[in-house]
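Peer 1: Quick one: the structure is below, questions incoming.
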Amino acid sequence: MTYRETLDWMFAQLPMYQRQGASAYKIDLHNTKQLAVYLKAPETKFKSIHVAGTNGKGSTSHMLASVLQESGYKVGLYTSPHLKDFRERITINGEKISEKYIIDFISKHQSYFENNQLSFFEMTVGLGFQYFAESGVDIAIIEVGLGGRLDSTNIITPEVSVITNIGLDHVRFLGDTLEKIAKEKAGIIKNHIPAVIGRTTLETKKVFIEKATDSKSDIYFAEEYKGTIYDSDLKGNYQKENIKTVLQTVLVLQKKGWVINEINIRNGLSKVVANTGLLGRWQIVKEKPKVICDTAHNSDGLVVALEQLLEENYECLHIVLGVVDDKDLDTILPLFPTQAKYYFCKPDILRGLYEEELRKKALKFGLTGDSHKSVKNAYKSALQMAADVDVIYVGGSTFVVAEII
């Protein structure tokens, strides 16, 4: 198969949560463990850092990768979902996995995947882990896909487990309280492996302490970090929290013998985009009018992003908004400002919520505007309507941002 045919086969034949939703969610690690045995345990052949959390795990993973790259290490980075190109999910020192490697891997193991009915994510985890093992990375940053305890990535024994924060997202899979979700995320904490925890609440902190105690693991809270805070080229206000989590994690790595100095940290945090290619985090794609793209898509993330948006200087605010169909709109829509012109749209995936349904629901919260058949049409209309002194915000879903940048 060609690269395009390979991707088409992967997307068409195998369940993929980001596109399909609930039907693709597996409830155990059996398939992944069997795959690891079949591939001869690639997850044991490289050092790793495991990163979970409701929000911020992608940014945190990319920051850690950048700092370690600046420290001279060969760094793998496994993240999801991708924005423009599937190969964004698997990189080494900012370089995407080759099309040829993907074609060869799928071709070699296609019958195994079919016979064992592996999900898209299980197969992609195997691909990433095999690539890192064969490439001889010094360390790989592994971002959890969904949850933690039952996530396909949770077969590694990392140098440190990182949990950025806990919010109410994916409640049908992870639980409908912060405590239940925290228990799922805490499932990445391994015996005798240190854990770094980002933002906590009273109920989540209790869960993490209990899990760390049971696992005989040292636990560190980023909220208690007292060292120097460095700036980053990632300019979303929510990154301040992620930076603390990264810095606390670096301290743990230094204790374990990883050589990371102050210059490495400063340079790593200031060159995240250049080193890793991270996209869609408070990304300014145009100046006149100013166009801001951000992938925040749940209440925790949107609260901070929209607060920052309202701090911008503009005469009129235009918001290109699309969501997936499993979002709790009664929680999300009240966060958006009523003093804005909306361009409602449907992201081009199966899970995308139809634009007219979103428009009608938004109207109940005082959000007014027109519906558009596609994200690109909505964005084009916003550009036509906006003056140079206006601001256009594009968001509501990772998939909406992916169609613009």
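Peer 1: Go through segment 325-345 and give me each residue that's assigned to a loop (DSSP other than H, G, I, E, B), over 30 Å from Ala12 (Cβ atoms) and either in contact with a Phe, Trp or Tyr (Cβ under 9 Å, 6 or more places away or on another chain) or open to solvent by 60 Å² or more (accessible area, probe 1.4 Å) (or both).
Peer 2: Phe336, Thr338, Gln339, Ala340
Peer 1: Which ones in segment 100-150 are of a type outside the set (A, V, I, L, M), over 12 Å from Pro42 (Cβ atoms) and buried (at least 20 other Cβ atoms within 10 Å of the Cβ)?
Peer 2: Phe113, Ser119, Phe120, Phe121, Glu122, Thr124, Glu143, Gly145, Gly147, Gly148
Peer 1: Only one residue in Gly301, Gly268, Gly322 is at pLDDT 95 or above and within 30 Å of Leu68 (Cα to Cα). Which one?
Peer 2: Working: Gly301 fails: at pLDDT 95 or above; Gly322 fails: within 30 Å of Leu68 (Cα to Cα).
Among Gly301, Gly268, Gly322, only Gly268 is at pLDDT 95 or above and within 30 Å of Leu68 (Cα to Cα).
Peer 1: Please work out if Ile142 is modelled with pLDDT of 95 or more, under 16 Å from the mean Cα position of the chain (by Cα) and either in a loop (DSSP other than H, G, I, E, B) or within 17 Å of Phe86 (Cα to Cα) (or both).
Peer 2: Considered against the rule, which asks whether it is modelled with pLDDT of 95 or more, under 16 Å from the mean Cα position of the chain (by Cα) and either in a loop (DSSP other than H, G, I, E, B) or within 17 Å of Phe86 (Cα to Cα) (or both), Ile142 comes out as yes.
Peer 1: Here's a follow-up. For the subset of segment 361-384 comprising residues that are farther than 21 Å from Leu306 by Cα and part of a helix (DSSP H, G or I), which member is least open to solvent (accessible area, probe 1.4 Å)?
Peer 2: Ser381
Peer 1: Looking at (1) in a strand (DSSP E or B); (2) surrounded by fewer than 21 Cβ atoms within 10 Å (Cβ to Cβ), which is the only condition Val51 fails?
Peer 2: It is condition (2) that Val51 fails.
Peer 1: In segment 253-283, how many are assigned to a helix (DSSP H, G or I) and surrounded by fewer than 20 Cβ atoms within 10 Å (Cβ to Cβ)?
Peer 2: Residues of segment 253-283 that are assigned to a helix (DSSP H, G or I), as a first pass: 253-255, 262-270, 272-276.
Cutting the leftovers down to surrounded by fewer than 20 Cβ atoms within 10 Å (Cβ to Cβ) gives us 254-255, 262-264, 266-267, 270, 273-274.
Selection size over segment 253-283: 10.
Peer 1: Using beta carbons and a limit of 6 Å, which pairs, at least six apart or on different chains, have the first residue in segment 231-251 and within 14 Å of Thr276 (Cβ to Cβ) and the second one among the basic types (Lys, Arg) and surrounded by 21 or more Cβ atoms within 10 Å (Cβ to Cβ)?
Peer 2: Within 6 Å, the pairs are Leu234/Arg281.
Peer 1: Okay, moving on. Which residue out of Thr228, Thr245 is outside any helix (DSSP H, G or I), hydroxyl-bearing (Ser, Thr, Tyr) and either open to solvent by less than 50 Å² (accessible area, probe 1.4 Å) or modelled with pLDDT of 95 or more (or both)?
Peer 2: Thr228
Peer 1: Is it the case, given these coordinates, that Asp348 is more than 21 Å from Gly301 (Cα to Cα), touching a Ser or Thr at 6+ places or on another chain (Cβ under 8 Å) and in a loop (DSSP other than H, G, I, E, B)?
Peer 2: It is true that Asp348 is more than 21 Å from Gly301 (Cα to Cα), touching a Ser or Thr at 6+ places or on another chain (Cβ under 8 Å) and in a loop (DSSP other than H, G, I, E, B).
The values are calculated or read from the model by the stated rules, or taken from the named source; none is laboratory data. Since this is a predicted model, take the numbers as computed values, not measurements. Cβ sites come from the backbone with ideal geometry, for glycine too, and all protein chains shown count toward neighbours. Protein only, heavy atoms only, side chains kept; ligands, DNA and RNA dropped before computing areas. Shrake-Rupley method; radii C 1.70, N 1.55, O 1.52, S 1.80 Å.
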